[in-house]
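Okay, so here's the structure we're looking at.
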Amino acid sequence: ELYASCNADDHSSVRENLCKITSIDEYVHDYKRLVEIVSDGAMRSFCFKRLQMLSSSFKTHITANNIVENEAQNSLLGTDFYRTMKVDNHIHLAAASSAKTFVDFVRNKLKNEGDVVVLENGLTLNEVFCNAGLDTDHLTIDAFNVLADYSVYQRFDNFNGKYSPFRSAQLRKIFLKVDNHLHGRYFAELTKIVLARHEASKGHVSATEMRLSIYGMERTEWQRLACWILHDWPGDYPGKVLSTHNRWLVQVPRLWRIFCSKGEGTRSFQDMLE
């Protein structure tokens, strides 16, 4: 809610709610009306024709005035498309790196840190790949199957599967999770590679708004996430997972049903929020 404070006649402070919150009945009524409008055949035909007319008008404008607009653009001093800051937003951190960067990173770790224990049951990185029937010959972009394509359209199950190399939950936990046996070291190093490329700004100026998730399953999630970001990581990519070219955003997925199912019937939605 949004409030404004003002002084009453008796010099006391009065808070006025600037936002009117509708009732659930009014919300449901308006929602049903909106669904009826967008489902109406005549309305959809009208909107389609209107969009076609607007598209034609824009093409006419470009044909008639492109020279004038180009001259106005060229007269601007001290800026151009490459000097303008571009911000990539709504980037899930697990999908921030390119497929090639991710594959090269995994190949490098398998080559140089194959004997490192990466799971709680004592398995090393080499053993995880051997148990999955994989070796360095399988480390290709196509085999990783992490590129978005037509199969993810309106299919959240396929979309979510793209975050798991070889559709393996173990590899996802090892390389793309904060809470694992390595305390998220591989994930931090991969993230710092991505951030370093933005900081280098080779031929362009870009920044990001990367997203991390808080699932609300445990009260310690915020603490673990903060420790992961602020940890002074050693090795080839030292320092904290911070950058002047990135702003961290925290998202809370709608997982109330899963949260409730993991309890014993005593959990409430307020518990999840807390």
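The values are calculated or read from the model by the stated rules, or taken from the named source; none is laboratory data. As the structure is a computational prediction, the values presented were derived from the model and not from experiment. Here Cβ is always computed from backbone atoms with ideal geometry, including for glycine, and neighbour counts include all displayed protein chains. Accessible surface is based on the protein model in full, side chains and every heavy atom, while ligands, DNA and RNA are left aside. Shrake-Rupley method; radii C 1.70, N 1.55, O 1.52, S 1.80 Å.
Restricting the search to the range 149-194, which residues are at pLDDT 80 or above, within 18 Å of the chain's Cα centre (by Cα) and hydroxyl-bearing (Ser, Thr, Tyr)? Within the range 149-194, just Thr191 meets the criteria. Any residue at all in the range 122-144 that's outside any helix (DSSP H, G or I), of a type in the set (Gly, Ala, Ser) and modelled with pLDDT under 65? Scanning the range 122-144, I find no residue that is outside any helix (DSSP H, G or I), of a type in the set (Gly, Ala, Ser) and modelled with pLDDT under 65, so the answer is no. Taking the criterion of being open to solvent by 100 Å² or more (accessible area, probe 1.4 Å) and either charged (D, E, K, R) or closer than 24 Å to Arg247 by Cα (or both), the residues of the range 67-84 that qualify are Glu71, Phe81, Tyr82, Arg83.
Among the residues of the range 179-219, which ones are more than 20 Å from His90 (Cβ to Cβ) and acidic (Asp, Glu)? Asp179, Glu189, Glu199, Glu218 - these are the residues of the range 179-219 that are more than 20 Å from His90 (Cβ to Cβ) and acidic (Asp, Glu). Filtering Val250, Val194 for residues that are exposed (fewer than 13 other Cβ atoms within 10 Å of the Cβ) and among the hydrophobic types (A, V, I, L, M, F, W, C) leaves a single hit, Val250. Only a single criterion out of (1) farther than 30 Å from Ala200 by Cα; (2) outside any helix (DSSP H, G or I) is not satisfied by Ile67, namely (2).
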